[in-house]
Amino acid sequence: MNIQEVQIGLGGVQFFGKMAASISHEIKNVLAIINENAGLLEDICFMAERGKPIDPDRLKRLSGSVKDQIRRADHIMTVMNRFAHSVDEATVSIDVSEVLELLVSLSARFVAMRGVVLEVGKPVGATITTFPFVLLNLLWLCLDYAMAVVGPGKTIELLAEKTGDGVWFRFCKLENMETDAAPLFPAEREAALGQALHAQIFRDPAAREVRVLLAQRRNA
Amino acid sequence: MQVLLVDDEEELVTALAERLSLRGIEALWATSAEEALRVLETRSFDLAVLDVKIPKIDGLQLKKQMQAMRPGMKFIFVTGHGSDRDFKTGVAEVGADYYLVKPLKIEDLITKMKEVLES
């Protein structure tokens with residue numbers, strides 16, 4: 001294993017851990033809400049035993065809330081499952097819009113914590129043959145950089161576009177790319193991932209965007 | 001006892017506020033740091049229960065801002081756990097006595113509230 005592979009492997013484990021921690025935090029919140037709703041149901045039963053009439057609409061709202069949280073948890077676990085399976089194959093054909101959708105779902109809590117808004121372009125119906133996990137890792141690092149430069153309250157536009165023999169992933173509307181506080185980009189880690197994917201990474205302050213050009217892979 | 005609950009999960013704070021009020025504790029809630037600071041401009045509380053991680057600002061920073069506005073106010077932090085390092089850092093800063101992990105047991109929360117107010 002060469003240094004680049006070690007770097008990608010270690011960075012990949014860190015990326016996986018970061019996403020898993022965020023997902024577990026989300027699940028904890030879902031459990032906390034279900035816990036409080038169950039507690040309220042107990043309180044209502046306790047009061048009913050002491051003669052206070054039960055309001056059926058109140059019970060319907062509480063059961064509706066529990067169902068909503070179960071749907072939320074199901075979505076979170078579906079995202080986790082898709083992410084976990086992104087390591088299964090090193091060369092697979094994937095829909096680029098689905099990759100962006102998965103990235104947005106995985107990043108939702110980080111995006112909320114930073115107070116940033118994401119706008120995702122319409123699906124383009126393009127596929128690319130690549131290693132999904134490594135691509136997700138690279139796109140996450142681009143998004144992380146984009147969030148760091150724009151700051152709270154700003155919008156980042158995410159686009160996937162077909163081009164010739166490959167696709168563009170674009171992170172647009174990035175203000176403040178040239179301030180002293182902006183982190184170095186692409187740094188060693190992004191460059192290593194780009195090399196592994198045969199991707200080119202462009203930082204373009206004039207266009208206020210970061211772009212990743214990914215060409216089709218012809219062999220494994 | 002008058003308590004301000006701050007967590008970006010609205011369903012969590014509304015249900016918790018209702019459960020506390022059924023136990024004789026007046027609880028208001030806010031789902032963002034900005035909202036919490038706005039509420040504090042108009043009234044005071046004995047205690048705030050803050051989520052460690054809320055959008056745009058962490059709970060520890062929010063505590064400092066709230067404390068500057070209401071110096072006598074006490075604080076309890078709740079967390080979905082985060083990393084061990086986050087937890088230890090948080091505990092080191094605010095003290096283990098002021099930390100609870102989600103999901104909360106309401107009896108534990110009320111016991112902790114009383115302990116903190118008596119401390």
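Each value in this text was obtained by applying a stated rule to the coordinates, not by laboratory testing. All figures in this text were calculated on a predicted structure; none of them were measured in a lab. Positions of Cβ are generated from backbone atoms using ideal geometry, with glycine treated the same way; all protein chains shown enter the neighbour counts.
Can you tell me the relative contact order of segment A:92-215? Whole percent, Cα pairs under 8 Å, sequence separation 6 or more. Normalised by residue count, the contact order of segment A:92-215 is 25 percent.
Taking label positions 7 Å along the Cα-Cβ direction at both A:Glu49 and A:Leu184, the computed distance is 6.5 nm, reported to one decimal. Think of each Lys and Arg Cβ as +1 and each Asp and Glu Cβ as -1; about the Cα centre, that makes the dipole of segment A:3-85 roughly 140 debye. Under the simplified labelling scheme, the A:Gln216-A:Asn176 pair shows an inter-label distance of 4.1 nm, with each label point 7 Å from Cα along Cα→Cβ.
Between B:Glu34 and A:Ser93, the simple spin-label model (points 7 angstrom out along Cα→Cβ) gives 4.7 nm.
Rounded to the nearest whole Hz, the Karplus-based 3J(HN,Hα) values (6.51 cos²θ - 1.76 cosθ + 1.60, θ = phi - 60°) of segment A:192-198 follow the sequence 5, 5, x, 5, 5, 8, 6, with x at glycine and proline.
For segment A:92-215, what is the convex hull volume of its Cα atoms per residue in Å³? Measuring per residue, one finds 93 Å³ for the Cα hull of segment A:92-215. Karplus-based coupling profile of segment A:137-154, in residue order and whole Hz: 4, 5, 5, 4, 5, 5, 5, 4, 4, 4, 5, 5, 7, 7, x, x, x, 9, with θ = phi - 60° in 6.51 cos²θ - 1.76 cosθ + 1.60 and x standing for Gly or Pro. About its Cα centre, segment A:92-215 has a charge dipole of approximately 160 debye under the convention of +1 per Lys or Arg Cβ and -1 per Asp or Glu Cβ, with nothing else charged. Taking every DSSP beta bridge that has both ends in the protein assembly as shown, the antiparallel portion is near 55%.
Anisotropy class assigned to chain B is rounded, per the alpha carbon gyration tensor with a/c under the 1.5 cut-off. Less than 10 Å Cβ to Cβ from A:Val150, Lys/Arg counted +1 and Asp/Glu -1: what total charge do the surrounding residues give? Net charge in that neighbourhood comes out at +3.
Between B:Glu26 and B:Glu115, full extension at 0.36 nm per residue minus the direct alpha carbon distance yields a gain of 30.3 nm.
Extents of chain A, taken as max minus min of Cα coordinates on every principal axis and listed largest first, are 72, 39, 34 Å.
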